[in-house]
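A quick write-up on the structure given underneath.
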Amino acid sequence: RKIGVLISGRGSNLAALIEACQTPDYPAEIAVVISNRPGAPGLQFAESAGIPTQVIDHKHFASRTDFDRALDDALRAAGAELVCNAGFMRLLTPEFVQLWRDRQLNIHPSLLPAFRGLDTHERAIASGVRISGCTVHFVRAEMDEGPIVAQAAVPVLPGDDAEALAARVLRAEHQLYPWAVRLVASGAAWVEDDRVVYAPDVP
Ligand code: GRF
């Protein structure tokens, strides 16, 4: 399965996906990495792995619709069959989401449906939860909404600040995202009636 990865920044989840794709028998390969920010550090992970990159700067488009159309064109041109958002910080139009419905994944650093949106770790700590984590889900038009593919939990420890919790969750993200992409790309997980169902042998 060819995947297109969308990033805006650091790209550590992209790096985890690149590494996974290099392991034998992994059912996906990254066809293109697209950033909406010209200087996104994550682009370098793709470049050093010899993966084609593209910058589609949202500032150069008059509307979200135009930007999303350019994104869609680039993904199709690269032959992408699955789109993985990895720290992609743009909300997509319902039209784009519909075009890639059940073929687009996102990773979010909380146990959804808790703590959608930004400042996840600050809010998790402020709320007093003792467990947080990360979620890979299919993308829907509402932010951080959609059928859940996989989640991983980590403890919130006494004395944690947002940075400490973010680092712990991020380590879990780097395990979870490649695993979830494997499930979807291999056909072991798919959407039925807006929920994810799994092949019988999925643990
Ligand atoms: C991750 O925490 C991801 O869950 C969130 O944004 C962050 C991106 O980090 N959506 P990176 O760019 O993958 O390092």
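Values in this text are rule-based calculations from the coordinates and carry no lab data. For clarity, every value in this text was computed on a predicted model and none was experimentally measured. Note: ideal-geometry Cβ built from the backbone for every residue, glycine included; neighbour counts use all protein chains shown.
Only Cα pairs within less than 10 Å get springs; with that Gaussian network setup on the chain, which residue of Asp57, Asp68, Asp160 has the largest fluctuation?
Asp160
Mind ranking 89-95, 74-80, 3-9 by how tightly packed they are, going by the mean number of other C-beta atoms within 10 angstrom, highest first? Let's see the in-between values first.
Values: 89-95: 15.7, 74-80: 17.4, 3-9: 24.9.
The most tightly packed comes first, giving 3-9, 74-80, 89-95.
With +1 on each Lys and Arg Cβ and -1 on each Asp and Glu Cβ, how big is the dipole of the chain about its Cα centre, in debye rounded to the nearest 20?
On the way: 19 positive and 25 negative charges, 30 e Å.
Result for the chain is approximately 140 debye, rounded to the nearest 20.
Just round it to a whole percent: the fraction of Cα-Cα distances in the chain exceeding 24 Å.
On the way: 7947 of 20503 pairs.
Across the chain, Cα pairs with separations above 24 Å total 39 percent.
Identify the residues of region 31-50 with backbone N under 19 Å of a label point that sits 7 angstrom from the Cα of Lys59 along the Cα-to-Cβ direction, or state none.
34-44
222 nm [θ] for the chain, helices only, -39500 (n - 2.57) per DSSP H run of 4+, per residue, to 500? Don't skip to the end; give the middle numbers.
Details: 6 runs with 68 residues, N = 203.
Helix contribution divided over all residues of the chain: -10000 deg cm²/dmol.
So, by mean Cβ neighbours within 10 angstrom, what's the order for 43-49, 24-30 with the highest one leading? Kindly include the intermediate steps, with their values, before the conclusion.
Working: 43-49: 17.4, 24-30: 14.1.
Peptide ranking by packing, descending: 43-49, 24-30.
Would you kindly derive the ³J(HN,Hα) couplings of region 57-72 from the backbone phi angles with the Karplus curve 6.51 cos²θ - 1.76 cosθ + 1.60 (θ = phi - 60°), listing them in order in whole Hz, with x for Gly and Pro?
Result, rounded to whole Hz: 7, 4, 5, 8, 10, 6, 9, 4, 4, 5, 4, 5, 5, 4, 4, 4.
Which distance in nm do the two modelled labels at Ala188 and Met143 give, with both placed 7 Å along the Cα-to-Cβ direction?
Result: 3.3 nm between the two label points.
What's the angle, to the nearest 10 degrees (0 to 90), between helix 162-185's Cα axis and the longest principal axis of the chain?
50 degrees
For q values of 0.12, 0.16, 0.23 Å⁻¹, compute log₁₀ I(q)/I(0) with the Debye formula on a Cα-only model of region 95-202, without solvent.
At q = 0.12, 0.16, 0.23 Å⁻¹ the computed log10 ratios are -0.42, -0.71, -1.18.
What relative contact order, as a whole-number percentage, does region 1-156 give when Cα pairs under 8 Å and 6 or more residues apart are counted? It would help to have the intermediate numbers written out before the result.
Numbers: 303 pairs, mean separation 32.2, N = 156.
For region 1-156, the relative contact order is 21 percent.
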